[in-house]
Amino acid sequence: MDNFYAALISAFVVSFVSLVGIVFIFFRKNKIEKFLFVLVAFAAGALIGDVFFHIIPESLEKLTFLNMLFFLISGFLFFYIIELFLHWHHPHKNFEGHSKETKHFSYLNLVGDGFHNFLDGALIAISYSVNFSVGIATTFAVIAHEIPQEIGDFAILVYGGFTKIKALVFNLLSALLAIIGVIFVSVGVFENNYSIYLLPIIAGGFLYISFFDLIPEISKNRKTSKENIYILLFLIFGLFLMFILKLFF
């Protein structure tokens with residue numbers, strides 16, 4: 001039971017990492033918009049790097065390549081269907097006083113990130129069940145992984161039409177699903193061997209968001225060669241950072 005409370009505290013700490021975007025609250029909207037597109041490019045790179053450097057290798061430890069591919073494609077199609085549903089049913093919303101539609105990829109990213117955070121919580125709880133030191137090590141690894149991703153998630157939400165405050169709140173609510181992951185493990189509803197099927201589904205969703213929403217969205221709105229170079233550089237930076245995290249954590 002002590003390890004359960006330790007896992008719960010760790011999940012709370014990891015969840016509040018999502019508030020890292022609060023540093024952007026103090027910037028004026030026109031200032032943020034000048035560099036927001038590079039943060040979204042970074043987010044796209046981080047998502048792709050997360051898939052290829054973290055999620056797929058971990059999935060292949062317990063799944064065959066064909067099984068992993070099946071669930072990855074299933075996740076890809078699942079997120080496509082969600083976007084179709086949002087396109088048909090979601091009303092237009094205003095963005096900080098301007099008539100601007102909230103982009104569907106904002107909600108898709110919340111769905112994918114929510115699943116991811118749930119699995120992070122499950123992973124933390126399972127690690128504490130091994131022993132306390134493994135739980136602490138896993139918590140630090142998750143935090144290191146989450147900081148760049150949460151910055152990217154905040155940028156995606158704001159770029160997609162959320163106000164800065166709303167983006168912080170929804171990012172936090174998504175992050176708090178890590179606590180649900182801890183509880184599910186503690187009561188035996190969710191076990192480690194189930195997560196291996198969800199991982200490639202999340203990977204498929206992240207690939208869909210990156211290649212079919214984020215990259216086309218920022219590319220079509222950036223016309224100058226300088227801006228396109230920045231997009232490429234920050235995309236590569238997101239990939240590189242996830243590769244470095246893989247090496248050290």
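The values are calculated or read from the model by the stated rules, or taken from the named source; none is laboratory data. This one's a predicted model, so the numbers in the text were calculated from it and none came from an experiment. Cβ sites come from the backbone with ideal geometry, for glycine too, and all protein chains shown count toward neighbours.
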Residues that are over 30 Å from N131 (Cα atoms) and in contact (Cβ under 8 Å) with a residue 60 or more places away in the chain, drawn from the stretch 1-24: G21, I22, F24
Selection status of K29, closer than 21 Å to V169 by Cβ, among the charged types (D, E, K, R) and modelled with pLDDT under 90: yes
In the stretch 1-57, residue surrounded by the most Cβ atoms within 10 Å (Cβ to Cβ) [restricted to those that are aromatic (F, W, Y) and within 26 Å of I165 (Cβ to Cβ)]: F42
Filter result for V169 (without any contact (Cβ under 8 Å) to a residue 60 or more places away in the chain and over 16 Å from the mean Cα position of the chain (by Cα)): no
Criterion (more than 30 Å from I183 (Cβ to Cβ) and either part of a helix (DSSP H, G or I) or modelled with pLDDT of 90 or more (or both)) met by exactly one of G45, G75: G45
Exclusive hit being free of Cβ contacts under 8 Å to residues at least 40 places away in the same chain and either of a type in the set (F, W, Y) or on the phi > 0 side of the Ramachandran plot (or both), set F37, F42, F27, F53: F27
Extreme residue, farthest from the chain's Cα centre (by Cα), among residues of the stretch 87-120 that are crowded, with 17+ Cβ neighbours inside 10 Å and either of a type in the set (F, W, Y) or modelled with pLDDT under 85 (or both): F95
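Of all helices (runs of 4 or more DSSP H) completely enclosed by the stretch 147-249, which ones contain at least 2 residues that are modelled with pLDDT of 85 or more, aliphatic (A, V, I, L, M) and buried (at least 19 other Cβ atoms within 10 Å of the Cβ)?
Answer list for the stretch 147-249: 164-175, 177-186, 192-209, 225-248.
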